[in-house]
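Engineer: Got a structure here, written out as structure tokens. Questions coming.
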Amino acid sequence: MSKSLTLKLAVNGASHELTVEPRVTLLDALREHLGFTGSKKGCDQGQCGACTVHVDGERVLACLTLAAQVEGRAVTTIEGLTPEGADLHPVQAAFLAQDAFQCGYCTPGQIMSAVACIKEGHAGSDAEIREYMSGNLCRCGAYPHIVAAVREAKEVMS
Amino acid sequence: MTTDILPAKVKRGDASDGGASLGSRLSRIDGPAKITGAARYALEHHLEGLCHAVIVQSTIGAGRIGVIDTTAADAAPGVLMVLTPDRIMPLKSATTWLDTPGPEGPYLALTNVINFMGQHIAAVVAETFEQATAAAALVKVYYEETDAIATYDDPRSGEGMALDHLAVSWGEAEAALAEAPVRIEATYRTPREYNVPIEPHGLVAQWSGDKLTVWEPSQWINGMSRTYAEWFGVPYENVRLVSPFIGGGFGSKAFALAHGAIAACAAKMLDRPVKLALTRPQTFTAFGGRPATRQTLKLGATEEGKLLSIVQTGANETSVDGVWGEPLASVTALMYATPHLAARQTVVPVNTVLPSALRAPGENPSAFGIECAIDELSYEVGIDPVAIRLRNYAEEDPHAKKPWSTRQLREAYEAGAKAFGWEKRKPEPRSMRDGHHLIGWGVAAGTYPVRRTAGEAMVGLFADGRAEVASSGIDMGQGTYTILAQTAADAIGLPVDQVEVKLGDSALPGAPVAGGSQLANLMTGAVHKAALAARDELIGLAISDPNSPFRALQANTLSVADGVISSPRGGEEVTIAELMRRLGRDKIEVLRDTLPETNNSAAEKHKTYTTITRMRSPTEGDYSLHAWCVHFIEVRVDEDFGTVRVSRVVSALDSGRLYNPKLAESQWKGGIIMGIGQALLEEGLVDRRKGRVINNNLGDYLIATNADIPDIEVISVGVPDFHASVLGGKAVGELGIVGVAPAIANAVYHATGKRIRDLPITLEKLID
């Protein structure tokens, strides 16, 4: 297992080369090797959703994805949700306005899920938002505010 | 003594000051960092030469290690060191949070004696996380196993030890109970519950000579620094603990724990910075959550539902090597007027990690008992559940026999019942339904004490006109950054966006534990005091400095608003920045603490910030200080499947004055949501053979998800309480959860006619 791979990852629109063991997850590659610490490690077993990123525009759990699996695919993390220097993404702005977080640790994953949830067309009602945001746990208990934020952002985005 | 008697003209940070910020619904000022991924949590601190430690935990529940074979692990790629009980450096025993001596030393963070399954027994340090994880799986352990007592339901665990300091009694409770015309008796149980903050515990530790820096999520910077310093025998000042963001704690991040000692040992032994993150399963045994509790309540009452006597006996699990008492009488002995009461409890040692604090330790399970029992009594005597609570309303603290400072509990019942529509409730169980759904409406009250410790804060005014607040107090989502900026802005007379707040670093002025829902009240008090002093110093310079345009004026006529200093007599108005420039000052910096002026030595401050010995009880002084709440909850129970859904929550809460209603409401709702999970989902499942926590992950230990939670309406019924705190607030963070589980259990009874007294309320208990 000590054999290393040299990978070229496209993260947030830029190409990054890194040499890692094949068993390195996308989450650890982002956090430990590339400095994208916005994606969080909450459970490292695909249960909490804190590590949610987009791969080719779809939400995936970075802790259950090997870094080597995403070569040649576009990875977007919370740091790359909007171009550098741009205003907040409507979902980010809505999370702030609705106070849809407290400790902030699940928040990047919630926001990445929310952006995808809206894009998937799964934000049609509060019940649907609740269902399609249930892969992201929040122990501080911001759920009703997350629903309000997704609802608000969806209106802004449509 | 933290609540200084304030002269009449002193600002209190309320509307009478003309201050616009405190009390407003400002969005959290640390929010932008959190929603963009810029906020750096402890384990995101990268250092040159960083190596990674992974812990190995015991796989037996009791016994000792015979042999640990590390041959394969030692030889695995990238491994730098395998720590075992025989290899780890012995540390000194650290004093406790009560300022009492710790166990006889030395302290070994890894031991050969196994007291519970999931105890740390080895740690592998390697160049990478993957290498350390792989090598940890190669550590072979041969045990000498003995029988484990898994839970207090094992008859061998016995009755336990009495905790006399938690016993409460007044009157002749047993005799009064025997004579009471109406008597009910029931036993209520809560399982082991876990904190599970989404950020797992861990740290980065780095030594430089005899100086230790620790990046670790912390609810108590100063207390944990003290422990690290004592463990390693270095001066307190040599430890720097940094924790600007904390990914949730809920009571679990207040103490330096064994894994912290292991990482700091490894860093010292290797002379390299070490990162150690507990895996999610390891977090279930690296520290304790709320212990399992059971309590038997006997209520005696008149036919009209007036309480005559309460007799309570309770027990909670503890570990075989320590005592954690979960105070089961804390609400029982406070909520209702009863002429007679007797409560006592024991702790029962079993093979578990020592239980610890989880949101409202004591009040939470205590309220589950008494708030279900009073509900049972309401049906027994045929009185509405709200009415019976008002009938037994305590006009003063029935235990301390002192007046309440404020108790807006009647107002809470009234406001909550109105908003919920309680008057439409049909009293009979199983009398409300919607198709297959049995509908139940339940109510329960909650309370949490106002705890008070002193703190200190630095407030600086800078040449650019901006202000800075600095404290080692922390923000794990309660909103500390935001409310302290609001407090300083109003006291100085600045727009809030001109105030920067620095928190969570032992290099900053000290603060006691962010626990017991005390931090907001004590820190707003300290910041208010320091900010007023900074403003006074500024005005003092303005009237005395020869370069000031105000040099001929009197101090008490100047005003500062929106960062501009002016005189009511007219004339020149200058900004703080302009005045600082004319004065030739870079900064004005003021440090203030809220210790009593007669007893504020450096040693006293150290004790205040690093132990809980200076925390004042809610009944010290002339009043009894508590926050209050009432929850009205609707459940829908599927008649065929027994599934319970919470469909509506209206809670009315009295936390005194809210420094920022937007953030306080979020905390209340967070507590209510944790309470919904507690009522319906959360339960540590323990293997009865060896005491393993079977569901030690977030897929099996169920916490509430978004889909479990309806809209929640919270109503503030509080009024400023200046007996409770300098600026009038009471407890917020731990209040919201108290009373939620009994309100749900009461609603489930109303829906189904089944009384579930054993949390969580799962479908098999309803359909058997």
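The values are calculated or read from the model by the stated rules, or taken from the named source; none is laboratory data. No experiment lies behind these values; they were computed from the predicted model shown. Here the Cβ is made from the backbone with ideal geometry for all residues, glycine too, and neighbour counts use every protein chain on show.
Engineer: Could you say whether any residue in segment B:575-585 is small (G, A, S) and under 26 Å from B:G442 (Cβ atoms)? Break it down into steps so the answer makes sense when it comes.
Structural biologist: Restricting attention to segment B:575-585, the residues satisfying the condition of being small (G, A, S) are B:577, B:584.
Imposing the further condition that a residue be under 26 Å from B:G442 (Cβ atoms) reduces the set to none.
No, there is no match, as no residue in segment B:575-585 is small (G, A, S) and under 26 Å from B:G442 (Cβ atoms).
Engineer: Give segment A:40-54 a look and list any residue that's of a type outside the set (K, R), surrounded by 24 or more Cβ atoms within 10 Å (Cβ to Cβ) and more than 7 Å from chain B (Cβ to nearest Cβ), or say none.
Structural biologist: Of everything in segment A:40-54, those that are of a type outside the set (K, R), surrounded by 24 or more Cβ atoms within 10 Å (Cβ to Cβ) and more than 7 Å from chain B (Cβ to nearest Cβ) turn out to be A:G49, A:C51, A:T52, A:V53.
Engineer: Does segment B:199-208 include one or more residues that are without any contact (Cβ under 8 Å) to a residue 40 or more places away in the chain, away from chain A (no Cβ under 14 Å) and surrounded by fewer than 20 Cβ atoms within 10 Å (Cβ to Cβ)?
Structural biologist: If we filter segment B:199-208 for residues that are without any contact (Cβ under 8 Å) to a residue 40 or more places away in the chain, which is where we start, we get B:208.
Those still in the list that are away from chain A (no Cβ under 14 Å) too: B:208.
Filter once more, keeping what is surrounded by fewer than 20 Cβ atoms within 10 Å (Cβ to Cβ): B:208.
Checking segment B:199-208: at least one residue is without any contact (Cβ under 8 Å) to a residue 40 or more places away in the chain, away from chain A (no Cβ under 14 Å) and surrounded by fewer than 20 Cβ atoms within 10 Å (Cβ to Cβ).
Engineer: Could you check A:T37 against (1) within 16 Å of the chain's Cα centre (by Cα); (2) more than 12 Å from every other protein chain (Cβ to nearest Cβ) and say which number it fails?
Structural biologist: The failed condition is (2).
Engineer: Which ones in segment B:130-146 are within 11 Å of chain A (Cβ to nearest Cβ), surrounded by 22 or more Cβ atoms within 10 Å (Cβ to Cβ) and over 21 Å from B:N112 (Cα atoms)? Write out each step before concluding.
Structural biologist: Of segment B:130-146, the ones within 11 Å of chain A (Cβ to nearest Cβ) are B:130-131, B:133-135.
Right, trim to surrounded by 22 or more Cβ atoms within 10 Å (Cβ to Cβ) and you get B:130-131, B:134-135.
Passing the criteria: B:E130, B:Q131, B:A134.
Engineer: Let me ask something else about it. Determine which single condition B:D69 fails, assuming it passes every other condition in (1) of a type outside the set (V, I, T); (2) at pLDDT 95 or above; (3) surrounded by fewer than 21 Cβ atoms within 10 Å (Cβ to Cβ); (4) under 20 Å from B:Y228 (Cα atoms).
Structural biologist: (4) is the only condition that B:D69 fails.
Engineer: Please state which one of B:A39, B:A33 is modelled with pLDDT of 95 or more, facing chain A (nearest Cβ under 9 Å) and either surrounded by 19 or more Cβ atoms within 10 Å (Cβ to Cβ) or under 26 Å from B:V564 (Cα atoms) (or both). Lay out the reasoning, then the answer.
Structural biologist: Values: B:A33 fails: either surrounded by 19 or more Cβ atoms within 10 Å (Cβ to Cβ) or under 26 Å from B:V564 (Cα atoms) (or both).
Result: B:A39 is the single residue among B:A39, B:A33 that is modelled with pLDDT of 95 or more, facing chain A (nearest Cβ under 9 Å) and either surrounded by 19 or more Cβ atoms within 10 Å (Cβ to Cβ) or under 26 Å from B:V564 (Cα atoms) (or both).
Engineer: Criterion first (within 14 Å of chain A (Cβ to nearest Cβ) and either modelled with pLDDT of 95 or more or within 27 Å of B:R581 (Cβ to Cβ) (or both)) does B:G515 satisfy it? Lay out the reasoning, then the answer.
Structural biologist: Values: within 14 Å of chain A (Cβ to nearest Cβ): no; either modelled with pLDDT of 95 or more or within 27 Å of B:R581 (Cβ to Cβ) (or both): yes.
No, not satisfied.
Engineer: Whether any residue in segment A:84-93 is of a type outside the set (F, W, Y) and either in contact with a Pro (Cβ under 9 Å, 6 or more places away or on another chain) or within 21 Å of B:L47 (Cβ to Cβ) (or both) is what I want to check.
Structural biologist: We begin by selecting, within segment A:84-93, every residue of a type outside the set (F, W, Y); these are A:84-93.
Then drop every residue that is not either in contact with a Pro (Cβ under 9 Å, 6 or more places away or on another chain) or within 21 Å of B:L47 (Cβ to Cβ) (or both), which leaves A:88, A:92.
Looking for residues that are of a type outside the set (F, W, Y) and either in contact with a Pro (Cβ under 9 Å, 6 or more places away or on another chain) or within 21 Å of B:L47 (Cβ to Cβ) (or both), one finds at least one in segment A:84-93, hence yes.
Engineer: For segment B:461-496, what are the residues that are closer than 19 Å to B:P244 by Cβ, out of contact with any helix residue (DSSP H, G or I) (no Cβ under 7 Å at 6 or more places or on another chain) and away from chain A (no Cβ under 14 Å)?
Structural biologist: B:E468, B:A470
Engineer: If the requirement is being closer than 30 Å to B:Q282 by Cα, touching a residue at least 12 places away in the same chain (Cβ under 8 Å) and touching a strand residue (DSSP E or B) at 6+ places or on another chain (Cβ under 6 Å), which of these qualifies: B:I703, B:I676? Show your work before the answer.
Structural biologist: Numbers: B:I703 fails: touching a strand residue (DSSP E or B) at 6+ places or on another chain (Cβ under 6 Å).
Residue meeting the stated conditions: B:I676.
Engineer: Right, here's the next one. Are any residues in segment B:465-477 charged (D, E, K, R) and either surrounded by 24 or more Cβ atoms within 10 Å (Cβ to Cβ) or at pLDDT below 95 (or both), and if so, which ones? Even if it seems obvious, please write down each step before you answer.
Structural biologist: Of all residues in segment B:465-477, those charged (D, E, K, R) come to B:466, B:468, B:475.
Matches in segment B:465-477: B:D475 only.
Engineer: Would you please name the residue that is farthest from the chain's Cα centre (by Cα), looking only at residues in segment B:288-338 that are more than 29 Å from B:A254 (Cβ to Cβ) and basic (K, R)?
Structural biologist: As a first pass, look at segment B:288-338 and keep what is more than 29 Å from B:A254 (Cβ to Cβ): B:296-311, B:313, B:336-338.
Those still in the list that are basic (K, R) too: B:298, B:306.
Working: B:K298: 30, B:K306: 34 Å.
Among those that are more than 29 Å from B:A254 (Cβ to Cβ) and basic (K, R), it is B:K306.
Engineer: Search segment A:59-84 for residues being within 12 Å of chain B (Cβ to nearest Cβ) and part of a loop (DSSP other than H, G, I, E, B), and hand back the single one that is surrounded by the most Cβ atoms within 10 Å (Cβ to Cβ).
Structural biologist: A:T77
Engineer: Another one. Restricted to segment A:123-158, and to residues that are part of a loop (DSSP other than H, G, I, E, B) and more than 11 Å from chain B (Cβ to nearest Cβ), which residue is surrounded by the most Cβ atoms within 10 Å (Cβ to Cβ)?
Structural biologist: A:A123
Engineer: Continuing with this model, one more query. For segment A:1-11, give me each residue that is over 24 Å from A:I118 (Cα atoms) and either among the acidic types (D, E) or crowded, with 20+ Cβ neighbours inside 10 Å (or both).
Structural biologist: Going residue by residue through segment A:1-11, those that are over 24 Å from A:I118 (Cα atoms) are A:1-9.
Matches in segment A:1-11: A:L7, A:L9.
Engineer: Counting just the residues of segment B:575-587 that are among the hydrophobic types (A, V, I, L, M, F, W, C) and under 10 Å from B:G465 (Cβ atoms), which one comes out surrounded by the fewest Cβ atoms within 10 Å (Cβ to Cβ)?
Structural biologist: Out of the qualifying residues, it is B:A577.
Engineer: For A:R31, indicate whether it is facing chain B (nearest Cβ under 9 Å), of a type in the set (D, E, K, R) and surrounded by 20 or more Cβ atoms within 10 Å (Cβ to Cβ).
Structural biologist: Numbers: facing chain B (nearest Cβ under 9 Å): yes; of a type in the set (D, E, K, R): yes; surrounded by 20 or more Cβ atoms within 10 Å (Cβ to Cβ): yes.
Spelling it out, A:R31 is indeed facing chain B (nearest Cβ under 9 Å), of a type in the set (D, E, K, R) and surrounded by 20 or more Cβ atoms within 10 Å (Cβ to Cβ).
Engineer: Taking the options B:A357, B:A329, name whichever one is buried (at least 24 other Cβ atoms within 10 Å of the Cβ), out of contact with any strand residue (DSSP E or B) (no Cβ under 6 Å at 6 or more places or on another chain) and in a loop (DSSP other than H, G, I, E, B). Walk me through how you get there before you give the answer.
Structural biologist: Working: B:A329 fails: out of contact with any strand residue (DSSP E or B) (no Cβ under 6 Å at 6 or more places or on another chain).
Of B:A357, B:A329, the one residue that is buried (at least 24 other Cβ atoms within 10 Å of the Cβ), out of contact with any strand residue (DSSP E or B) (no Cβ under 6 Å at 6 or more places or on another chain) and in a loop (DSSP other than H, G, I, E, B) is B:A357.
Engineer: Going through segment A:12-26 one residue at a time, which ones are within 11 Å of chain B (Cβ to nearest Cβ) and buried (at least 24 other Cβ atoms within 10 Å of the Cβ)?
Structural biologist: First, pick out the residues of segment A:12-26 that are within 11 Å of chain B (Cβ to nearest Cβ): A:12, A:20-25.
Matches in segment A:12-26: A:T25 only.
Engineer: Within segment A:100-122, take every residue that is assigned to a loop (DSSP other than H, G, I, E, B) and surrounded by fewer than 24 Cβ atoms within 10 Å (Cβ to Cβ) and give me the one that is farthest from the other protein chains (Cβ to nearest Cβ). I'd like the intermediate steps shown before the answer.
Structural biologist: Quick first cut of segment A:100-122, residues assigned to a loop (DSSP other than H, G, I, E, B) only: A:100-106, A:120-122.
With surrounded by fewer than 24 Cβ atoms within 10 Å (Cβ to Cβ) added as a condition, the list becomes A:120-122.
Values: A:E120: 15, A:G121: 18, A:H122: 12 Å.
This residue is A:G121.
Engineer: Same structure, new question: For segment B:421-444, enumerate the residues that are surrounded by 13 or more Cβ atoms within 10 Å (Cβ to Cβ) and either in a loop (DSSP other than H, G, I, E, B) or of a type in the set (F, W, Y) (or both). Full working, then the answer.
Structural biologist: The first filter runs over segment B:421-444 and keeps only residues surrounded by 13 or more Cβ atoms within 10 Å (Cβ to Cβ), leaving B:421-422, B:425, B:427, B:429-433, B:437-444.
If the condition is that a residue be surrounded by 13 or more Cβ atoms within 10 Å (Cβ to Cβ) and either in a loop (DSSP other than H, G, I, E, B) or of a type in the set (F, W, Y) (or both), then B:G421, B:W422, B:R425, B:P427, B:P429, B:R430, B:S431, B:M432, B:W441 are the ones that fit.
Engineer: Among the numbered criteria (1) more than 38 Å from the chain's Cα centre (by Cα); (2) in a loop (DSSP other than H, G, I, E, B), which one does B:A73 miss?
Structural biologist: (2)
Engineer: Determine which member of the set B:T302, B:T313, B:T332, B:T338 is among the polar types (S, T, N, Q) and within 26 Å of B:V686 (Cβ to Cβ). It would help to see each step written out before you state the result.
Structural biologist: Numbers: B:T302 fails: within 26 Å of B:V686 (Cβ to Cβ); B:T332 fails: within 26 Å of B:V686 (Cβ to Cβ); B:T338 fails: within 26 Å of B:V686 (Cβ to Cβ).
Just a single option satisfies the conditions, and that option is B:T313.
Engineer: Could you check segment B:72-88 and list, in sequence order, the residues that are within 14 Å of another protein chain (Cβ to nearest Cβ) and either of a type outside the set (A, V, I, L, M) or surrounded by fewer than 18 Cβ atoms within 10 Å (Cβ to Cβ) (or both)?
Structural biologist: Across segment B:72-88, the qualifying residues are B:A72, B:A75, B:P77, B:G78.
Engineer: Being over 16 Å from the mean Cα position of the chain (by Cα), at the interface with chain B (Cβ under 7 Å from one of its Cβ atoms) and of a type outside the set (D, E, K, R) is the filter here; which residues of segment A:85-99 pass it?
Structural biologist: A:L96, A:A97, listed by residue number.
Engineer: Something else now. Answer yes or no as to whether B:V748 is of a type outside the set (G, A, S), assigned to a loop (DSSP other than H, G, I, E, B) and in contact (Cβ under 8 Å) with a residue 60 or more places away in the chain. Before you say what the answer is, go through the steps one by one.
Structural biologist: Values: of a type outside the set (G, A, S): yes; assigned to a loop (DSSP other than H, G, I, E, B): no; in contact (Cβ under 8 Å) with a residue 60 or more places away in the chain: yes.
So B:V748 does not fit the description; no.
Engineer: Okay, next question. Tell me whether segment B:704-713 contains one or more residues that are within 14 Å of another protein chain (Cβ to nearest Cβ), in a strand (DSSP E or B) and at pLDDT 95 or above. Walk me through how you get there before you give the answer.
Structural biologist: Here is the first cut: in segment B:704-713, the residues within 14 Å of another protein chain (Cβ to nearest Cβ) are B:704-713.
This time we only want the ones that are in a strand (DSSP E or B), so: B:712-713.
This time we only want the ones that are at pLDDT 95 or above, so: B:712-713.
Checked against the condition, which is being within 14 Å of another protein chain (Cβ to nearest Cβ), in a strand (DSSP E or B) and at pLDDT 95 or above, segment B:704-713 yields at least one hit.
Engineer: Just name the residue that is farthest from B:I543 (Cα to Cα) out of those in segment B:582-594 that are of a type in the set (K, R) and at pLDDT 95 or above.
Structural biologist: To start, the set of residues in segment B:582-594 that are of a type in the set (K, R) comprises B:582, B:585, B:587, B:592.
Still in the list and also at pLDDT 95 or above: B:587, B:592.
Details: B:K587: 17, B:R592: 23 Å.
Only one residue tops the list, namely B:R592.
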